[in-house]
Amino acid sequence: MLLHFREYLCFWIVPISCLRMIGLLLLVFGLFAIIAIGSLLMVDFEVRHLTIGFISCASLISMFASPLFVINLVIRTRSVEFMPFHLSLCTFLMSTSFLLYGIFNFDPFIYVPNGIGTFLGVIQLFLFSYYEKSSRVDSMEPLIVSYSSTDA
C-alpha cells in the first residue's frame with residue numbers, strides 16, 4: 001500500500017524547470033491583466049492612449065532586441081549557428097512593413113519602435129552575412145567524433 005502511494009506521489013512531483021515556467025506564465029498573465037484593467041479604469045482618453053502607447057513601444061523594442069543577446073556569442077565563436085536566419089529576416093521584414101505603415105499613418109507609437117526594430121534587424125542580418133562563411137567552414141567538422149572502429 002505504501003509503495004503504491006509513493007509511486008502516485010512521485011508521479012505528481014513537478015520538476016523545478018516546469019514550476020519556473022508556470023511562475024513566469026502567471027507573471028506575464030498577471031502583468032497583462034494589470035495593464036488591461038488599469039487602462040480600462042483610466043477615464044481620460046489621452047492619458048490612456050499615451051500610457052498604452054509607451055508600454056507597447058517598450059515591449060516591441062524589447063522583442064526586437066531579444067535576438068541580439070547572442071551577439072557576444074556570435075562574435076566570440078565567429079559562428080551564427082545560435083542566431084537563426086529566418087527569425088532575423090522575418091523580424092526585419094515585419095518591422096520594416098510596420099515602420100512604413102506607421103509613417104504613412106503618422107503614428108509615432110508604431111513607427112518609432114518599428115524603426116528601431118528595422119535598425120536592429122539590419123544589424124542581425126549584417127552579422128549573419130559577415131559570419132556565415134566562417135560558420136560553413138566550421139560546420140563541415142562533426143560535432144561528435146566517434147573513436148570506435150566499424151571495420152565490418
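The values are calculated or read from the model by the stated rules, or taken from the named source; none is laboratory data. Nothing here was measured: the structure is a model prediction, and the numbers come from that model. Neighbour counts run over all protein chains shown; Cβ positions are idealised from the backbone, glycine included.
Structure summary
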read-out: Which numbered condition Glu46 misses (of (1) acidic (Asp, Glu); (2) modelled with pLDDT under 85; (3) part of a helix (DSSP H, G or I)); value: (2)
read-out: Close pairs from the range 24-47: first touching a residue at least 12 places away in the same chain (Cβ under 8 Å), partner basic (Lys, Arg) and part of a helix (DSSP H, G or I), Cβ under 6 Å, at least 6 apart; value: Ser39/Arg48
read-out: Residue among Ser88, Ser95 that is part of a helix (DSSP H, G or I), under 18 Å from the mean Cα position of the chain (by Cα) and within 30 Å of His49 (Cβ to Cβ); value: Ser95
read-out: Residues of the range 79-101 satisfying the condition of being among the polar types (S, T, N, Q) and without any contact (Cβ under 8 Å) to a residue 24 or more places away in the chain; value: Ser97
